[in-house]
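Q: Mind looking over this structure? Questions follow.
The values are calculated or read from the model by the stated rules, or taken from the named source; none is laboratory data. Just so you know, these numbers come straight off a predicted model, no measurement behind them. Here the Cβ is made from the backbone with ideal geometry for all residues, glycine too, and neighbour counts use every protein chain on show. Just so you know, the surface numbers come from the protein's heavy atoms only, side chains and all, with ligands and any DNA or RNA stripped out. Shrake-Rupley method; radii C 1.70, N 1.55, O 1.52, S 1.80 Å.
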Amino acid sequence: MTTTTVNEIDNEIRGVLRAHGRLNADPDQLDGAADLYQSGLTSHASVNVMLALEGTFDIEFPDQMLKRSVFSSIDAIRCAVSQLTGA
Amino acid sequence: MGAAASRHPGRQALPGVWEICAAPPGAALSGDAQRWQAIPGAWPAAAALRHLGQWSLAETPRSFDGQDWHYRLRFDAPDAAANGAVLGFDGLATLAHVSLNGEGLLDSSNMFVAHECDVGMLLRKRGNELTLHFSGLDKELEQRRPRPRWRAPMVSHQQLRWFRTTLLGRTPGWSPPAAVVGPWRDIWLEPRDAGSLRQVDLHATIQGNLGVVDCRLDIELPRGAIVELRLSREGVVATERLERDETGRSFAGQLRLRDPQLWWPHTHGEPALYQVSAVVRTGGRTESGQPEQMVDLGRIGFRTIELDTARDGFSLSVNGVPVFCRGAGWTPLDPVSLRSTRAACDAALVQARTAGMNMLRVAGTTVYEEDHFYETCDELGILVWQDFMFANMDYPADDPSFAASVQLEVRQQLRRLQSRPCLAVLCGNSEAEQQAAMWGAPRENWLSPLFGEALPRLCAELAPSIPYWPSSAHGGAFPHQASVGTTSYYGVGAYLRPLEDARRSELKFATECLAFANIPAPAALARMPGGAATRAQHPEWKQRSPRDLGAGWDFDDVRDHYLQLLFRTDAQRLRAVDHERYLALGRLASAEVMAACYAEWRRPRSGCNGALVLMLRDLWAGAGWGVVDDDGAPKACWHALKRALQPITLLVTDEGVNGLFVHVLNETAHPQSLEIELTAWRGGDVQVAAGKQTVVLSARGTHSVPAVAMLDHFMDLGYAYAFGPPPCDAIVATLRTTGGAQLARAFHFPGGFPAAAEADVGLAADIIDITEGAVELSVHTRRLALGVSFDFPGFLPDDEHFHLPPNGQARVTLRGAGPLPAAAWVHAVNSTRSARVAQRRQTNE
């Protein structure tokens, strides 16, 4: 995985968070490891984030990955996305 | 006068033997190597296999959507008219390809669309072969399609939103796993020669004091033919000549009737219907030698329906009179075939009417019902809340092919249904907005233009006199807000709120409510896979208890919660130590909760104008949402509803520091002279107060009176003040005619229901009359008896699970076909000792 790809994925994730996360902070300013729930992410919003990630990356989250921890930070989300895209 | 011919004189089922064959998805059939099996008719696959003994609901679920299903019919058509025959398919589920004699006839992808094919050229006098090929939905669902903007957890596959098919059989939480695949409505052949009626459009409206019938008939007739529209009710009432239009192929006209008898829901008046027929005189003679032919066009009724949504409310008025709508959600009597016989359907509807129900909802999770369902609702005076077949999902309204299919479906269904007086509301969908909102979707996505614009436009065009409502839960800051518009009300119920929530929610209209896992009678439990020995925590019981998928609770838990609330008993412990009593209290718990809620909602000052229990009948044997079991036998809650929903009735509510109030309701068109009797009891048999009041209720009138007003002193009947020990623990209010006949009775227990069983309340029961198919019992009790029930094998009581005051007596008729049982018992939930039914003593004759 090249650094460029990591950045692209990151930007997409931040874009999804901006559109659907309803965070109390600007996703572009957040650290990759910052706790998203501390930034106002609710479980309701995380569900819509999940749907948007599926659409953006053309992936499907299996039931066992619909856990709090998967959406806890931008890094965690990127990890999950990489896993599901096989990248 | 010729005998009346049906609207479709030549229409017949196809002769010959239908055969069915399963195949792997997408596989082409290779000649007769396939295993074809003969079946009684063109039935859905599950119904066919059930008949062949190869599958049943008791087995491990089988995926009918996981295979392709082929049907074949070899038949002769010796009478096939050379110039015109039509092959009709009233319903094909869902992805179907039809061929006749090797030629492709049609492709269908909408289960709710009927097809008619001109087969004059293709049909042979002998040796026709009709084949139907149904493609398995599962394979289609694998294809990638754009994702929905929200999910509907109850649906087995989210992309079912792309397919015009029922959700029955595809909601693992509450419907039996038997998705309908195959032909599910009639397949017929009709000669289309001159003189056959192609289409009928009838609209009955009221204009001032006139009943107006607009009629158009598409029919090919020779020059000089005369067509007359005839309206009759107890004799011929009115006729009107219909004129041929410019095309020459239609006859149209308008008939007016002065001061017609109006159609009313049965609770408010008589559902008056007029027979409509067309008399055709061609100048020659018909085949039977008659100078004219009479074609039956069915029956119509004159009524107006108006919706008033002022002050956040939802109130339906029929003929200018506001109607409190109560009833339940209707489901097909057989979830496997989705068909019913006319007799079975009529019996089920009569039973609903007997319970005082005046509205049934055909929900978007089910199917558009058969004609005879609506005909009988017209006849019995039962209003229909008709959803279009959409539920919970994010439908692809933007997809042109989907939108076109929906247009065709809706046009056909509206054309079929719009003239029916029973049709009260046309509703876009079941819970689609609610699901979107609950899922967290942004507000602007909740109401799709399909339900906000497209459907209402179609309804305005084809059914302008019937109110349109966008969704079963609609109105307010969020769709499921109870105090505005309509909602799915589960405050009392799944959300475990106290009974007071029935009032606090300020419910205006519940299109569904009161969903519990209602425990049926022992006979129904015996029909479950585990049989009579099934216990409530066994997997076989749990498999049939409804649940919201993904929730950590089910509807047994909801019932248990209210059992604990009402009877102050630990439900789980009771289930462990006394399963029989657990079932008995469970039956009573959902019944009493339903009765208490309706008392709140029917209370004259309540802002509620209607509530429909989620489901009328169980889809399969078990503790389902139905108030009637899968076989049609009433559960305890049906009897409680019957007592709560009659047009003339009495309710008791606890108004706190204002004491108990007695409300008397008269929904009928005639004044009623009635007597209210109030008695208060302590300790199970000591009367501590009694009072009476006569009241004359106007037509459509109500009367509310504080209970204490009927006494000549103050008494803390509701135990709001608690100055000392409770002065009474049971209050009984009885409504009688001035002639003394009992019309209604309500009980109130200020300290809650008697939770413990006493040793013996002194029940006694005697047979006082035996006739063909019925037994009359006289039941008596010395002390207050709670939840009186019968153990009378082979017989169903007209009334059951009722309470009796001390020294009370009731006459109950039980009906059954077989011989009297050797032993029969009467139980009361608060009595350990039951009474054996004494045989009538032989008279000396």
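Q: Please give the calculated 222 nm ellipticity per residue for the protein assembly as shown, where each DSSP H segment of at least 4 residues contributes -39500 (n - 2.57) and the sum is spread over every residue; nearest 500 deg cm²/dmol?
A: -6000 deg cm²/dmol
Q: Over the Cα atoms of chain B, what radius of gyration and what Dmax do you get, in Å?
A: 28.8, 92
Q: What whole-number value in Å² describes the accessible area per residue of chain B for a 1.4 Å probe?
A: 40
Q: Please find the FRET efficiency linking B:N807 to B:R411, where r is the Cβ-Cβ separation and R0 is fixed at 45 Å, and quote it to the nearest 0.05.
A: That gives a FRET efficiency of 0.10.
Q: Continuing with the same structure: Give me the net charge for the shell around B:L262: Cβ to Cβ below 11 angstrom, other residues only, Lys and Arg +1, Asp and Glu -1.
A: -1
Q: B:T331's amide H: which non-local residues (gap 5+, or another chain) put their own amide H closer than 5 Å, with H modeled 1.01 Å from N in plane and none for Pro or chain starts?
A: B:L616, B:R617
Q: Want the number for B:E234 to B:F714: 0.36 nm per residue separation, take away the alpha-carbon distance, what's left?
A: Length gained between B:E234 and B:F714: 167.2 nm.
Q: Does any residue of the range A:5-51 lose at least 10 Å² of accessible area with all protein chains in place compared with its chain alone, and if so which ones (probe 1.4 Å)?
A: Relative to the lone chain, where solvent access is computed with a 1.4 Å probe, the range A:5-51 loses at least 10 Å² at A:R22, A:H44, A:V47, A:N48, A:M50, A:L51.
Q: With the crude spin-label approximation of a point 7 Å out along Cα→Cβ, what separation in nm comes out for B:H538 versus A:S43?
A: Taking the two extended label points, one gets 3.4 nm.
Q: Now for a different question. Taking the Cα atoms of the protein assembly as shown alone, what are Rg (to one decimal) and Dmax (as a whole number) in Å?
A: Reported Rg and Dmax, both Å: 30.7, 106.
Q: Give me the distance in nm between label points sitting 7 Å out from Cα along the Cα-to-Cβ direction at B:R815 and B:Q54, one decimal.
A: 3.9
Q: May I ask for the Rg/Rh ratio of the range B:273-349, computed from Cα atoms with Rh as the Kirkwood radius, given to two decimals?
A: Radius of gyration over Kirkwood radius for the range B:273-349 works out to 1.20.
Q: Same structure, new question: Test of understanding: express the Cα radius of gyration of the range B:635-768 as a ratio to 2.2 N^0.38 Å, with N the residue count.
A: 1.12
Q: When the gyration tensor of the range B:462-611 is built from Cα positions, what are the square roots of 5 times its three eigenvalues, in whole Å, from largest to smallest?
A: 32, 18, 14
Q: Can you give the net charge of the other residues whose Cβ lies under 11 Å from the Cβ of B:E655, counting K and R as +1 and D and E as -1?
A: Value of the local net charge: +2.
Q: Also, I was wondering about something else. State the percentage of accessible surface on chain B attributable to carbon and sulfur atoms; use a 1.4 Å probe and exclude ligands, DNA and RNA.
A: For chain B, the apolar C and S fraction of the accessible surface comes to 49 percent.
Q: While we're here: List the pair-distance distribution P(r) of the range A:1-43, using every Cα-Cα distance, as the percent of pairs falling in each 10 Å bin from 0 up to the bin containing the longest distance, rounded to whole percents.
A: In whole percents, the pair-distance histogram is 29, 53, 17, 2.
Q: Per residue, how much accessible surface does the range A:1-65 expose to a 1.4 Å probe? Answer in Å², no decimals.
A: In whole numbers, the range A:1-65 has 54 Å² accessible per residue.
Q: Need one word for chain A: rounded, prolate or oblate. Basis is the Cα gyration tensor (sqrt eigenvalues a ≥ b ≥ c); a/c below 1.5 gives rounded, then a/b vs b/c decides.
A: oblate
Q: Do any cysteines of chain B lack a neighbour Cys whose Cβ is under 4.7 Å away, and which are they?
A: Cysteines of chain B left without a disulfide-compatible partner: B:C21, B:C117, B:C215, B:C325, B:C345, B:C427, B:C459, B:C513, B:C597, B:C608, B:C637, B:C728.
Q: Continuing with the same structure: Which FRET efficiency value, to the nearest 0.05, is calculated for A:Q83 and B:T205 with the Förster distance at 51 angstrom and r the Cβ-Cβ distance?
A: 0.20
Q: Hey, another quick one. Once R0 is set to 51 Å, what does the formula 1/(1 + (r/R0)^6) return for the Cβ-Cβ distance between B:R241 and B:E129, expressed as a FRET efficiency to the nearest 0.05?
A: According to the calculation, E is roughly 0.65.
Q: Okay, next question. At q = 0.23 Å⁻¹, what log₁₀ I(q)/I(0) does the range B:438-543 have when each alpha carbon counts as one equal point scatterer in the Debye sum?
A: -1.15
Q: Moving on. What are the ³J(HN,Hα) values, in whole Hz, obtained from phi via the Karplus relation 6.51 cos²θ - 1.76 cosθ + 1.60 with θ = phi - 60°, for each residue of the range B:202-217 in sequence order, with x given for Gly and Pro?
A: Running phi through 6.51 cos²θ - 1.76 cosθ + 1.60 with θ = phi - 60° gives 10, 10, 10, 9, 10, 10, x, 9, 10, x, 10, 10, 9, 9, 9, 10 Hz.
Q: While we're looking at this one, here's another question. State the three equivalent ellipsoid semi-axes of the range B:374-502, derived from the C-alpha gyration tensor as the square roots of 5 times its eigenvalues, in descending order and whole Å.
A: 26, 22, 11
Q: At the nearest 100 Å², what buried accessible area, both sides summed, do you get for A and B when the probe is 1.4 Å?
A: 900
Q: Considering every Cα-Cα pair within the range B:780-845, what fraction, in whole percent, is farther apart than 20 Å?
A: In whole percent, the long-distance tail amounts to 31.
Q: Scattering from the C-alpha atoms of the range B:137-208 alone, worked out with Debye: what is log10 I(q)/I(0) at q = 0.12, 0.14 1/Å?
A: So the normalised log intensities work out to -0.62, -0.70.
Q: Continuing with the same structure: Find the Cα radius of gyration of the range B:702-761, compare it with 2.2 N^0.38 Å by division, and give the number to two decimals.
A: Normalised Rg, Cα atoms only: 1.37.
Q: Points 7 angstrom from Cα along the Cβ direction at B:E506 and B:T832: gap in nanometres?
A: According to this spin-label approximation, the distance is 5.0 nm.
Q: How many partner chain Cβ atoms sit within 10 Å of a residue's Cβ in peptide B:431-441, on average, as a whole number?
A: Counting other chains' Cβ atoms within 10 Å and averaging over B:431-441 gives 2.
Q: On to the next question. For q = 0.27 Å⁻¹, what log10 I(q)/I(0) does the range B:469-518 give under the Debye formula with an equal point scatterer on each alpha carbon and no solvent?
A: -0.99
Q: Averaged over every viewing direction, what's the projected area of the C-alpha convex hull for the range B:622-700? Give it in nm², one decimal, please.
A: Mean projected area for the range B:622-700: 8.5 nm², to one decimal.
Q: Rounded, prolate or oblate: which fits the range B:289-432, taking a ≥ b ≥ c as square roots of the Cα gyration tensor eigenvalues, rounded meaning a/c under 1.5, else prolate when a/b beats b/c?
A: In terms of gyration-tensor shape, rounded.
Q: Note down the net charge around B:G66, summing +1 for each Lys or Arg and -1 for each Asp or Glu among other residues with Cβ under 10 Å from its Cβ.
A: Result for the local shell: -1.
Q: Next question. Place the peptides B:229-235, B:690-696 in order of packing, highest mean first, counting for every residue the other Cβ atoms within 10 Å and averaging per peptide.
A: Per-residue Cβ counts within 10 Å, averaged per peptide and sorted highest first, yield B:229-235, B:690-696.
Q: Given Cα pairs under 8 Å that are at least 6 residues apart, what percent is the relative contact order of chain A?
A: Relative contact order, chain A: 33 percent.
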